1. Give all pairs with beta carbons closer than 8 Å in which a residue from segment 87-114 that is farther than 21 Å from Ile68 by Cα and modelled with pLDDT of 85 or more meets a residue that is outside any helix (DSSP H, G or I) and aromatic (Phe, Trp, Tyr); count only pairs at least 6 apart in sequence or on separate chains.
2. Let me spell it out: the conditions are (1) modelled with pLDDT under 75; (2) in a helix (DSSP H, G or I), and Arg81 meets all of them except one. Which number is the exception?
3. Looking only at segment 51-74, count every residue that is in contact (Cβ under 8 Å) with a residue 24 or more places away in the chain, more than 30 Å from Val110 (Cα to Cα) and not hydrophobic (A, V, I, L, M, F, W, C) and tell me the total.
4. All but one of (1) over 30 Å from Gly22 (Cα atoms); (2) in contact (Cβ under 8 Å) with a residue 24 or more places away in the chain; (3) not aliphatic (A, V, I, L, M) hold for Asp77, so report the exception by its number.
5. Can you say whether Asn122 is free of Cβ contacts under 8 Å to residues at least 24 places away in the same chain, touching a helix residue (DSSP H, G or I) at 6+ places or on another chain (Cβ under 6 Å), assigned to a helix (DSSP H, G or I) and open to solvent by less than 90 Å² (accessible area, probe 1.4 Å), as far as the supplied structure shows?
6. Going residue by residue through segment 138-150, is there one that turns out to be touching a residue at least 12 places away in the same chain (Cβ under 8 Å), open to solvent by 80 Å² or more (accessible area, probe 1.4 Å) and in a helix (DSSP H, G or I)?
7. Just checking, does segment 92-106 include any residue being open to solvent by less than 50 Å² (accessible area, probe 1.4 Å) and part of a loop (DSSP other than H, G, I, E, B)?
8. Restricting attention to segment 18-67, and to residues there that are more than 40 Å from the chain's Cα centre (by Cα) and among the polar types (S, T, N, Q), which single residue is modelled with the lowest pLDDT?
Amino acid sequence: MSRGRFATIFGVITLLLMGAVGLFILLLTRVADGDVHRARALWLGTCGLLLGLPMLAVFLSRRAYRSIATPLAGMMDAADRVAEGDFSVRVEGSKRGDFSRLTDSFNHMVEELQLSEQRRRNLTADVAHELRTPLQIIQGNLEGVIDGVYAPTPEHIEATLEETRLLARLVEDLRVL
C-alpha cells in the first residue's frame, strides 16, 4: 500500500472518529449538565488521543524497524555473499546491544573462513609444486631415453626410479595429511 493511500485512509478514519466522539461528548454534556467548556475539553482530549496514539504506534514501529529489521537485513545480505564465496564482506553494525555481538561474531567467522580458504589455496599450490617437480624429472628422463639422448644405464634408470619413490612418498604424505 502506498504512503499516499495509507495517509488518505488514515485521515478519513480519523475524521470519522473525531466526529463520532464529538457527537458522543455533545450528547453526554446535554444529558449530564450542559457545560460547553467541559464538553470542548473532553472533545479536544479525545481527539488528541485519537491522533496521538496512532502516531505513537507509527513512531515506535519505525524505530523498531530501524533497530531490528535493518541490521538483520544487512546481516542476511552479507551471509548470502559469504555463501557465494565472497569472504571479503564485513557487516557494519552498531556498537551496542545484541546485534553488536552478532555482528562481531559474524565478522570473526568470516575472517576465519577467509583465512581457512587462503590456507587451503596455499596448500594446494604447494602440493602441486612438490608433485610437479619429480614428475617433470621422470618425464624428462624417460623422454631422453626414448629420444636417445640418455643411454638406459642402470644408474640412469635408478635415478628415475628414485624420483618415482619420492613421488610415491609425497602422495602418501598427502593422503595422511
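1. Short answer, once both residue conditions are applied: Val110/Phe87; Leu113/Phe87; Gln114/Phe87.
2. Single failed check for Arg81: (1).
3. 1
4. (2)
5. Here the answer is no, as Asn122 does not meet what is asked.
6. Checking segment 138-150: at least one residue is touching a residue at least 12 places away in the same chain (Cβ under 8 Å), open to solvent by 80 Å² or more (accessible area, probe 1.4 Å) and in a helix (DSSP H, G or I).
7. Yes, some residue in segment 92-106 is open to solvent by less than 50 Å² (accessible area, probe 1.4 Å) and part of a loop (DSSP other than H, G, I, E, B).
8. Only one residue tops the list, namely Thr29.
The values are calculated or read from the model by the stated rules, or taken from the named source; none is laboratory data. Note that this is a predicted model, so its numbers are computed, not measured. Cβ atoms come from the backbone with ideal geometry, glycine included; neighbour counts cover every protein chain shown. Surface areas here come from the heavy atoms of the whole protein model, side chains and all, with no ligands, DNA or RNA. Shrake-Rupley method; radii C 1.70, N 1.55, O 1.52, S 1.80 Å.
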